[in-house]
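**Student:** Take this structure, written in structure tokens, and hold onto it; I'll ask about it next.
Nothing in this text is a laboratory measurement; each read-out follows from the coordinates by a stated rule. Since the structure is predicted, the reported quantities are computational estimates derived from the model, not experimental observations. So basically every Cβ, Gly included, is an ideal-geometry build from the backbone, and we count neighbours across all protein chains shown.
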Amino acid sequence: MKKIIVFVITLSLLLSLMLTAVEVKSTDEVESFGETVKGINFESRRIYDWHDLDAVRDDLDGDYVLMNDLDEDTEGYDELVDTEDGWEPIGDYAYYRDVEFVGTFDGNEHIIRDLYIDRSDEGHVGLFGRIDDEGEITNIGVIDADVTGDRNVGALVGSNHATVENSYATGDVTGNRYVGGLVGYNSDGTIFDSYATGDVSGEEYVGGISGINRHGTVSDSYATGDVNGNKNVGGLVGYNSDGTIFGSYATGDVSGEEYVGGISGMNRRGMVSDSYAAADVNGGKKCRWTFGKDYRQRRELILQYRRCSDKRWKSYYDRRSFRCPVSRLDRRQESRYRRLQ
């Protein structure tokens, strides 16, 4: 009898300890599909190879986390990327169907290398074709990308209507309209703490980080690649329409034919502050070091610098011309510029 009582008490204690262990599990270790993802405070589907990444399109409002780098040696590359058309972008636009990515994707500070896309007759082209609503892409790098599309083309996102944060891209991006080194079309979206270093080429609305910033925000970001296009071509943004650019800069060379600028080819009712361009800008009609054409509405402080005839770096702010002065150094503006560095 005593043995039975001891056994029951022991079993009860063991069950109590097991239940307690489950209840007090830290939110820093969340079990997802039988495994633990450290540092993630929500259940996220883990991505280990290109097949896992491709499966994201099957649940466009899910939460995902990248567990390791992906490249040409990772399983699934030959079937999904190294093909005639290359990678099929995740998320798209359809009038009668919800096909945009509206989930979260945490790159977990990993990189995706060797991305190849050749879809010159398609729109919404990038690793992600289109993200919308509450979608979010963070902490990811796309390295050595080779991306070609028609419209809304970017190495990371073709069309961004949500949030891209702490992300970057390198490699070449080519398209026709709305082409950017990181994001092709940024509409009501946010690009924060991100950058692009690849060369970008297109016809209209071509920018180092985004082809167009429409009612969106580009903040604490930069682009260093060369940008080539025809109309509305900018080192940072091709066309800034009612958008905000803050604390950002561009250093790549910019060339085009009409409305060409170091920061933006055209700034229409946009607000730009604490930002600058340091690049050679070449073009025909409406070519400027900062904005090819600026309607000068809601604009704050623009900092621009270039090498003048006296071979000294100068910074200058002038609401009327934005031309670089050659007679004297504006020390007040120079000190403001240095504080941004």
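**Student:** So which residues in the range 117-144 are in contact with a Pro (Cβ under 9 Å, 6 or more places away or on another chain), assigned to a strand (DSSP E or B), closer than 19 Å to residue 161 by Cβ and not basic (Lys, Arg), if there are any at all? Outline the logic, then answer.
**Tutor:** We begin by selecting, within the range 117-144, every residue in contact with a Pro (Cβ under 9 Å, 6 or more places away or on another chain); these are 117, 119, 122, 124-130.
Adding the requirement that they be assigned to a strand (DSSP E or B) leaves 117, 124-125, 128-130.
In the following step, the residues that additionally are closer than 19 Å to residue 161 by Cβ were identified as 124-125, 128-130.
Across the range 117-144, the qualifying residues are 124, 125, 128, 129.
**Student:** Being assigned to a loop (DSSP other than H, G, I, E, B) and closer than 15 Å to residue 239 by Cβ is the filter; apply it to the range 145-180 and report the residue that is farthest from the chain's Cα centre (by Cα).
**Tutor:** Step one: of the range 145-180, the residues assigned to a loop (DSSP other than H, G, I, E, B) are 149-150, 155-156, 161-162, 166-167, 175-176.
Imposing the further condition that a residue be closer than 15 Å to residue 239 by Cβ reduces the set to 175-176.
Numbers: 175: 17, 176: 19 Å.
Going through the qualifying residues, I end up with 176.
**Student:** Still on this structure, please answer the following. Can you tell me which residue is nearest to residue 143 (Cα to Cα) among those in the range 53-97 that are under 22 Å from the mean Cα position of the chain (by Cα) and hydroxyl-bearing (Ser, Thr, Tyr)?
**Tutor:** It comes out as 64.
**Student:** Yes or no: the range 224-245 includes at least one residue that is under 20 Å from residue 158 (Cα atoms), within 18 Å of the chain's Cα centre (by Cα) and charged (D, E, K, R).
**Tutor:** yes
**Student:** Consider only pairs whose beta carbons are under 6 Å apart and that are at least six residues apart or on different chains; among these, list those whose first residue lies in the range 147-170 and is on the phi < 0 side of the Ramachandran plot and whose second residue is in a loop (DSSP other than H, G, I, E, B) and among the β-branched types (Val, Ile, Thr).
**Tutor:** Once the first residue is on the phi < 0 side of the Ramachandran plot and sits in the range 147-170, its partners that are in a loop (DSSP other than H, G, I, E, B) and among the β-branched types (Val, Ile, Thr) give 170/197.
**Student:** Which of the residues that make up the range 86-129 are of a type in the set (D, E, K, R) and either closer than 23 Å to residue 148 by Cα or free of Cβ contacts under 8 Å to residues at least 24 places away in the same chain (or both)?
**Tutor:** Across the range 86-129, the qualifying residues are 88, 92, 97, 100, 113, 114, 118, 119, 121, 122.
**Student:** Restricting to the range 151-174, what's the tally of residues that are among the basic types (Lys, Arg) and buried (at least 24 other Cβ atoms within 10 Å of the Cβ)? Let's see the steps before the verdict.
**Tutor:** The first filter runs over the range 151-174 and keeps only residues among the basic types (Lys, Arg), leaving 151.
With buried (at least 24 other Cβ atoms within 10 Å of the Cβ) added as a condition, the list becomes none.
Adding up the residues that qualify gives 0.
**Student:** Out of 79, 88, 100, I need the residue that is of a type in the set (Asp, Glu) and out of contact with any helix residue (DSSP H, G or I) (no Cβ under 9 Å at 6 or more places or on another chain). Which one? It would help to see each step written out before you state the result.
**Tutor:** Working: 79 fails: out of contact with any helix residue (DSSP H, G or I) (no Cβ under 9 Å at 6 or more places or on another chain); 88 fails: out of contact with any helix residue (DSSP H, G or I) (no Cβ under 9 Å at 6 or more places or on another chain).
That would be 100, the only listed residue that is of a type in the set (Asp, Glu) and out of contact with any helix residue (DSSP H, G or I) (no Cβ under 9 Å at 6 or more places or on another chain).
**Student:** Can you tell which of 167, 187 is farther than 17 Å from residue 140 by Cα and among the hydroxyl-bearing types (Ser, Thr, Tyr)?
**Tutor:** Numbers: 167 fails: farther than 17 Å from residue 140 by Cα.
Going through 167, 187 in turn, just one is farther than 17 Å from residue 140 by Cα and among the hydroxyl-bearing types (Ser, Thr, Tyr): 187.
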